Amino acid sequence: MILTTAFLGILVFQLLFFHLISFPLLALQSEKERAQLKLGAFLAKMDTPIVPCNVTGVNCGSCNNVTDDGGTIESPHFPEPYDSNLNCLYTINAPHEKKIKLSFTEFKVDKCCDFITVFDELANLIQSSLNGSDTPMAVTSPSNQMTIKFTSNVDNITRLDPSAGPATRWQATYTFM
């Protein structure tokens, strides 16, 4: 009987010790390891370089003079006239917690049927249907990403007929703020 009581006492002590002292330490260490893994993944994501400017579409121009502070986007063949029948996307990515300011430095877009439209990172419209020869006002994104869509019609009249007016072309600078 004494042996059984002693055995049960030791068993209860071991169970209480494990549940009250050892188990919480293991749980805390496990939580600490999970936090370190999350931090490591976050830092790896932060160390991944952001592509500041990307152009998609066939014969769609380029991003130039790209630095940590911004760069330049321009129509295809700039300063020569752009081609007909273009559908281009220019995606600009600023560092985290920065915004993007887009300023057109040259703007001659066929008023009839060519357009530049500016969107934020969620595809919300910032500025639409930019065309003509009046340089638009600068625009600032509400987030760290901006997409500029440029389309030209099938018949780029000013390219085919120089007497129709100035050559169609555009250029814009973007800065991270």
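Mind checking which residues of segment 107-153 are small (G, A, S) and over 16 Å from I73 (Cβ atoms)?
So the first thing to find is which residues in segment 107-153 are small (G, A, S), and the list is 123, 128-129, 132-133, 138, 141, 143, 152.
Passing the criteria: A123, S128, S129, G132, S133, S143.
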Task: Selection count where residues are at positive phi and part of a loop (DSSP other than H, G, I, E, B), scope segment 112-133 - done: 1
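Can you report the number of residues in segment 66-90 which are in contact (Cβ under 8 Å) with a residue 24 or more places away in the chain and open to solvent by less than 30 Å² (accessible area, probe 1.4 Å)?
Residues flagged as in contact (Cβ under 8 Å) with a residue 24 or more places away in the chain and open to solvent by less than 30 Å² (accessible area, probe 1.4 Å) within segment 66-90 amount to 11.
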Open item on the list: Please go through segment 106-158 and give me each residue that is more than 21 Å from C53 (Cβ to Cβ), free of Cβ contacts under 8 Å to residues at least 40 places away in the same chain and either open to solvent by less than 30 Å² (accessible area, probe 1.4 Å) or within 16 Å of the chain's Cα centre (by Cα) (or both), ordered by number.
Closed with: G132
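Filter segment 63-89 for residues that are aliphatic (A, V, I, L, M) and assigned to a strand (DSSP E or B); which is farthest from the chain's Cα centre (by Cα)?
Going residue by residue through segment 63-89, those that are aliphatic (A, V, I, L, M) are 66, 73, 86, 89.
Adding the requirement that they be assigned to a strand (DSSP E or B) leaves 73, 89.
Working: I73: 15, L89: 13 Å.
Top of the filtered list is I73.
The values are calculated or read from the model by the stated rules, or taken from the named source; none is laboratory data. This structure is a prediction, so every number in the text was calculated from the model and none was measured. Cβ: placed from backbone, ideal geometry, glycine included. Neighbour counts: every protein chain shown. Just the protein is used for accessible areas: all its heavy atoms, side chains included, with ligands, DNA and RNA removed. Shrake-Rupley method; radii C 1.70, N 1.55, O 1.52, S 1.80 Å.
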